[in-house]
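The values are calculated or read from the model by the stated rules, or taken from the named source; none is laboratory data. A quick note: this is a predicted structure, and the numbers were derived from the prediction, not measured. In this analysis, Cβ positions are derived from the backbone assuming ideal geometry, glycine residues included, and neighbour counts consider all displayed protein chains.
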Amino acid sequence: STRARIVILGGGAAGMSMANRLAMRLSGARITVVEPRETHHYQPGWTLVASGVWQPDRTLRLNADFMPRGIDWIRQPAVGVDADERRITLADASTLTYDILVVATGLQLNYHRIEGMSTDLIGNHGIGSVYAGPQEAARTSDAIDKWLAIGGGQGLFTNPQTAIKCAGAPIKMAFTTQSRIKITGNRDDFALDYFTPSDGMFSQPWINDFLKQRFDRDNIARHHGQYLSAIDPQARQAEFTGRDGNTETRDYDFIHVVPPMSAPDFVKASDLIAKEGAFAGEWLDTDIYTMQHNRYPEVFGIGDVIGAPINKTAASVKAQAPVVEENIAAFLEDKPLPARHNGYTSCPLITDIGTAMLVEFGYDNDMAFMPSFSFIDPKEESWAAWVLKDYMLQPAYYAMLEGRV
Ligand code: FAD
């Protein structure tokens, strides 16, 4: 039993899982969840919404359905952290102090870093983006439908110059859009071009090779070393910036925009942000194995907000949550932290409407493919993996929120 004051910032996939786990694990702890939204977003479902397969409502649930009993839910955003004083400032200027802080705010979408771009454009002017929200995902599907109705033209699929959540989503959008084009029978009248600032298509080498071959076979042109820097919705023109800083303008009929991403601004402005290295100024400074903050031992990070070479999926949250639970319990008893996260992440990569591959891997790429469903060969595009994505992942995800898996 402990009387520790535990504050969890964010009640999304990671924060809600931690709230339920810690409420079960630590009797007597005073747990506060800071989460401004009433609804929970099942974001993995948005690719299916943007592909015209699901209605947006299917990705929404009430947070109240998942919040454990006996915790304090504060329905407003945090706006500041003073890590030296162990104090959180909320939007109404009130403050909270903590013995243990769990940072689970997810990440911030920085559409504004693309000149001319904003989320209210999504669905108009041939602009789509699966990331912005359930309604925006539905409007993305509408924008694709409008493009199909023209009967041909140029489609552009972009990636930003930052880490992103669910690195497979931009790829899925290219493949499912192509599937919809094929159904019209006019594939040859549509040009699909895919842009990424990196040399490869994916961090994991086997998937990288597979995707390169698959894009080339399907005649989706790959452009490496370029990111979307500006957009002119009226003219339907996109500006890409290359490694040398030179820009190139391209016309489009449809563009799928993936925004730059970072930790939320208030985390960036706090002592908790990484000060040096690859994550400096952009992501939370946590040990990628123990999930403990590198400078403030009473602070733990989980989910999309942390600086880590891979991750940023709900699947990694599922692997991280028991690690964070174990390590917080040990920390409260002044014991060494026993648990380590192996970087597990997975991505059901939709390669067509109706087929998908379940790819799973960790920090050590040799550990590639850690299949948890033995009936699926991860290297085969299969109907089973599609069914898994479409129907089975969502209940498993909700079980994770409840702290049951
Ligand atoms: P989130 O779930 O985003 O939750 C963050 C929470 O913090 C939110 O509830 C938010 O309201 C709250 N918050 C934000 N700011 C504040 C603040 N200032 N104060 C208090 N609270 C705040 N993952 C997979 O495993 N498989 C997939 O197939 C997959 N597909 C995806 C497809 C798309 C299109 C997207 C967008 C994501 C996908 N993901 C997928 C990724 C997955 O959804 C995320 O990795 C996961 O939700 C991360 O959990 P999180 O708790 O860190 O962030």
Which residues, counting only those in the stretch 90-121, are within 14 Å of the ligand (Cβ to nearest atom), farther than 23 Å from L332 by Cα and in contact (Cβ under 8 Å) with a residue 24 or more places away in the chain? L90, A91, G106, L107, Q108, L109, N110, Y111
Out of everything in the stretch 13-38 that is more than 9 Å from the ligand (Cβ to nearest atom) and more than 21 Å from V405 (Cα to Cα), what residue ends up being surrounded by the fewest Cβ atoms within 10 Å (Cβ to Cβ)? G28
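Which of the following residues is crowded, with 20+ Cβ neighbours inside 10 Å and over 24 Å from V317 (Cβ atoms): F202, F175?
On the way: F202 fails: over 24 Å from V317 (Cβ atoms).
Residue meeting the stated conditions: F175.
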Number of the exception - S51 against (1) more than 11 Å from the ligand (Cβ to nearest atom); (2) surrounded by fewer than 23 Cβ atoms within 10 Å (Cβ to Cβ): (1)
List pairs: first residue in the stretch 271-282 and closer than 7 Å to G307 by Cβ, second residue aromatic (F, W, Y) anywhere in the structure, Cβ distance under 6 angstrom, at least six positions apart or on different chains. A274/W283
Please note which strands (runs of 3 or more DSSP E) are completely contained in the stretch 202-300 and include at least 1 residues that are over 23 Å from M117 (Cα atoms). 220-224
Which condition does R187 not pass, out of (1) in contact with a strand residue (DSSP E or B) (Cβ under 8 Å, 6 or more places away or on another chain); (2) closer than 17 Å to R214 by Cα, if it passes all the others? (1)
Across the stretch 71-89, the tally of residues that are within 14 Å of the ligand (Cβ to nearest atom) and buried (at least 17 other Cβ atoms within 10 Å of the Cβ) stands at 5
Can you tell me which of A278, A238, A263 is aliphatic (A, V, I, L, M) and surrounded by fewer than 22 Cβ atoms within 10 Å (Cβ to Cβ)? A278
Inspect the stretch 122-129 for any residue being in contact with a Pro (Cβ under 8 Å, 6 or more places away or on another chain), assigned by TED's automatic domain parsing to the domain that holds H224, under 22 Å from L60 (Cα atoms) and buried (at least 22 other Cβ atoms within 10 Å of the Cβ) and give the result as yes or no. yes
Would a scan of the stretch 139-152 turn up a residue that is polar (S, T, N, Q) and touching a strand residue (DSSP E or B) at 6+ places or on another chain (Cβ under 6 Å)? yes
Quick check on A308: is it outside the structural domain of A167 (by TED's automatic domain parsing), crowded, with 23+ Cβ neighbours inside 10 Å and assigned to a loop (DSSP other than H, G, I, E, B)? yes
Quick check on my filter: what residues within the stretch 54-110 are in contact with a Lys or Arg (Cβ under 6 Å, 6 or more places away or on another chain) and in a strand (DSSP E or B)? T95, T97
